[in-house]
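Q: Right, I'll just put the structure down here and ask away after.
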Amino acid sequence: MRSGVVVVGTALVAAVPCSPRRPGSPSALPSQPLSGSAWAPPASRRTTSTAASAHPALNGRGGVIAFDSIATNLVDSDTNGDADVFVRDRAAGETTRISVSTRGRQGDGNSQRPDVSGDGRWVVFDSTAKDLVPGTDTNGVLDVFVRDRATGPTQPTW
């Protein structure tokens with residue numbers, strides 16, 4: 001039995017035993033478990049976050065981790081004081097804020113509960129921010145958005 005630990009900054013997000021999968025048994029793990037130090041970024045790339053991170057979601061191969069956090073030091077210029085959605089690309093060793101407008105501006109409300117497509121390109125999340133897609137969000141309630149990591153646009157799902 002192997003154990004894997006997913007680390008975002010230095011906050012423990014999930015510790016999951018990786019045993020061989022039995023036919024018909026459910027698994028939230030990648031189809032080919034990662035091994036050794038591949039689960040955590042090198043020590044030189046770790047950052048102690050200033051606050052909590054939650055709601056992790058892995059893509060199909062486990063190389064992309066989406067999560068939300070109220071930490072302000074995971075990316076530069078995080079000054080909105082709200083929960084944001086981030087992606088940690090383990091291969092590139094980079095953390096990117098996803099809950100931004102197409103132009104890259106931070107949202108004016110909380111963004112949480114991400115999920116990521118199997119290939120890691122699309123990230124869906126909910127948000128109370130009114131400015132992620134300027135001029136379209138006028139209902140004043142929680143909405144669901146999707147961001148294309150390859151081309152950049154953030155779009156409402158309605």
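Q: Under 5 Å between amide hydrogens, which residues at least 5 positions from Ser99 or on another chain qualify, with H placed 1.01 Å from N in the peptide plane?
A: Amide H to amide H, under 5 Å and 5 or more residues apart or across chains, Ser99 pairs with Val85.
Q: Quick check on the stretch 49-156: what are the equivalent-ellipsoid semi-axes from the Cα gyration tensor, as sqrt(5λ), descending, whole Å?
A: Equivalent ellipsoid of the stretch 49-156: 20, 16, 12 Å, largest first.
Q: Which whole-Hz ³J(HN,Hα) couplings does the stretch 100-112 yield from phi under the Karplus relation 6.51 cos²θ - 1.76 cosθ + 1.60, θ = phi - 60°, glycine and proline marked x?
A: Listing the rounded values in order: 10, 6, 4, 7, x, 7, 5, x, 9, x, 5, 10, 8 Hz.
Q: Please compute the modelled spin-label separation between Thr138 and Thr102, points set 7 Å along Cα→Cβ, answer in nm with one decimal.
A: In this crude spin-label approximation the distance works out to 1.9 nm.
Q: Taking only the alpha-carbon atoms of the stretch 45-94, what semi-axes of the equivalent ellipsoid follow from 5 times the gyration tensor eigenvalues under a square root, in whole Å, largest first?
A: 19, 12, 9
Q: If you don't mind, there's one more thing I want to ask. By the scheme Lys and Arg +1, Asp and Glu -1, what is the net charge of all other residues having a beta-carbon under 9 Å from that of Pro156?
A: Summing Lys/Arg as +1 and Asp/Glu as -1 gives -2.
Q: If you plug each phi of the stretch 146-158 into the Karplus form 6.51 cos²θ - 1.76 cosθ + 1.60 with θ = phi - 60°, what whole-Hz ³J(HN,Hα) values come out, in order, with x for Gly and Pro?
A: These are the phi-based 3J(HN,Hα) values: 9, 10, 8, 5, 7, 10, x, x, 9, 10, x, 9, 8 Hz.
Q: Now for a separate question. Ordered by residue, what ³J(HN,Hα) values in Hz, to whole numbers, does the stretch 82-94 give under the Karplus form 6.51 cos²θ - 1.76 cosθ + 1.60, where θ = phi - 60° and Gly and Pro are x?
A: 10, 5, 10, 9, 10, 10, 9, 8, 5, 5, 7, x, 10
Quick note: the coordinates plus some simple rules give every number you see, no bench work behind them. Given the structure is predicted, the values throughout are model-derived calculations rather than measurements. Neighbour counts are summed over all protein chains in view; Cβ atoms, including those assigned to glycine, are modelled from backbone coordinates with ideal geometry.
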